[in-house]
Amino acid sequence: MELSYEDKVSYAEIKAIGRLNMVSAPKLREFVAGIVAAGSNRIVVNLENTAFMDSSGLGALIGCLKVARQAGGDLRIAGVQPQVKMVLELTSMDRVLTAYDSAEEAFGND
């Protein structure tokens, strides 16, 4: 999985490219923790180029959400692909991690 970071006006956008699975989950956790430690606590994980996520990937997103919230912020997801959406719905985690169409929409009204 490739991860890139772009600091926007009111949030940090992380673009995740590839499979979010047990191999890449720790990398995502470390990446988000580093961004939060650097002072950005409003995070959008853009998943438009992530076609697959397993339970380890879901756990990583929940862990990242916890890190952001402990820092007084929030983590949101955007550009969710069908397989990833299915995992979120089957586990009812779509109630915790609300999916937005785009990164701009995720924190657009805040």
So the angle from the long Cα axis of helix 55-70 to the longest Cα principal axis of the chain, reported in degrees to the nearest 10, equals 20 degrees
Tally Lys/Arg at +1 and Asp/Glu at -1 over every other residue whose Cβ is under 12 Å from the Cβ of residue 75; what's the total?
+3
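Express in nm, to one decimal, how much length is gained between residue 30 and residue 89 on full extension, taking 0.36 nm for each residue of separation and deducting their alpha carbon distance. Walk me through the numbers on the way to the answer.
Details: separation 59, 0.36 × 59 = 21.24 nm, distance 2.54 nm.
Contour length minus the Cα-Cα distance gives 18.7 nm.
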Under unit Cβ charges (Lys, Arg +1; Asp, Glu -1), what dipole magnitude, rounded to 20 debye, does the chain have relative to its Cα centre?
360 debye
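Classify the range 27-82: rounded, prolate or oblate, from the alpha-carbon gyration tensor (a ≥ b ≥ c, eigenvalue square roots; a/c under 1.5 rounded; otherwise prolate if a/b is larger than b/c)? Write down the numbers at each step before the final one.
Details: a/c = 2.08, a/b = 1.71, b/c = 1.22.
Prolate.
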What is the extension gain from residue 38 to residue 56, computed as 0.36 nm multiplied by their sequence separation minus the C-alpha to C-alpha distance, in nm to one decimal?
4.0 nm
Zero-based 5 Å bins, Cα pair distances in the range 2-102, whole percents:
3, 14, 28, 29, 18, 7, 1
Which of rounded, prolate or oblate describes the range 47-110 when judged by the alpha-carbon gyration tensor and an a/c cut-off of 1.5?
oblate
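Each value in this text was obtained by applying a stated rule to the coordinates, not by laboratory testing. Everything quoted here is computed from the prediction, not taken from an experiment. Every residue, glycine as well, gets a Cβ built from its backbone with ideal geometry; the counts of neighbours run over all protein chains shown.
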